[in-house]
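Please read the structure below before turning to the comments.
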Amino acid sequence: MKVKKYIVLTVLFLLPLLVYIFFATGVNNFVKLPVLTTSVAELDGFQDIEGERPRLQNKITVLGFFGSDVGNKRANAFNLAHKIYKKNHQFDEFQFVILVTEDQQDQVAALLKELEQIEKTDNWKFAIGSPEQIEMVFQSLESTYALDENWSSDFVFIIDKERSLRGRDDDEDVTLLYGFNASDYAEINNKMGDDIKVVLAEYRLALKKYKSNREI
């Protein structure tokens, strides 16, 4: 009996310490993802292939830039579809928005058909704009990256409901992590997958608190 009592006391003593260590070593899983840039440009002047105007405000957005190079970004789209979109698309206020040039409408339509085989693409938007409009939105991110000659990038970005860029300010590889390389399957599966969970959990918690307060 004394041995059992000793074991129980030991567990009770160690449990809070283990919980603290668990939280302390998994910062990105348990605290808000840092805001790296505020006031990301709204998508004024853009429209999707159905003529609707996608917006960033009040949405949690994965923002990408395929420019005039949609055909060469197919692998990136599939990585994102399998590892991010498919797992999270049912969250009401979650969306993908990929900025493309007007001459890419046929390629976009073909890619959407392929993506539809992975998951319904209701919350996946391809926003059409001019090269200048695409460049303006990209520059508003204030990242360390640049668009290539096709107004495209392998990097995708997490934008919150207030149009702030979320990322990491303590990444083990680059310290400031503004976006995620969609051509890198491991980075999308691991780093981006973890960070999307953090942002969605943050808003789920906020929603629960709001509902709880209204019921009081």
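The values are calculated or read from the model by the stated rules, or taken from the named source; none is laboratory data. All values reported here derive from a predicted model rather than from experimental measurement. When we count neighbours, we look across all protein chains shown, and the Cβ atoms used for this are built from the backbone with ideal geometry, even at glycine.
Okay, here's what the table says:
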quantity	calculated
Test result for residue 156, of a type outside the set (D, E, K, R), in the same structural domain as residue 45 (by TED's automatic domain parsing) and under 23 Å from residue 202 (Cβ atoms)	yes
Matching residues in the stretch 102-152 - criterion: being β-branched (Val, Ile, Thr) and farther than 14 Å from residue 72 by Cα	118, 121, 128, 134, 137, 144
Test for residue 153: is it touching a strand residue (DSSP E or B) at 6+ places or on another chain (Cβ under 9 Å) and small (Gly, Ala, Ser)	yes
Of all residues making up the stretch 99-152, the number that are in a loop (DSSP other than H, G, I, E, B) and of a type outside the set (Val, Ile, Thr)	18
From 143, 164, residue being more than 15 Å from residue 64 (Cβ to Cβ), at pLDDT 95 or above and among the small types (Gly, Ala, Ser)	164
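Let's see how each residue does on (1) part of a loop (DSSP other than H, G, I, E, B); (2) modelled with pLDDT under 90; (3) under 20 Å from residue 204 (Cα atoms):
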position: 10; (1), (2), (3): no, yes, no
position: 13; (1), (2), (3): no, yes, no
position: 16; (1), (2), (3): no, yes, no
position: 19; (1), (2), (3): no, yes, no
position: 33; (1), (2), (3): yes, no, yes
position: 39; (1), (2), (3): yes, no, no
position: 49; (1), (2), (3): yes, yes, no
position: 57; (1), (2), (3): yes, no, yes
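Residues checked against (1) of a type in the set (Phe, Trp, Tyr); (2) touching a residue at least 60 places away in the same chain (Cβ under 8 Å):
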| site | (1), (2) |
| --- | --- |
| 75 | no, yes |
| 85 | yes, no |
| 92 | no, no |
| 119 | no, no |
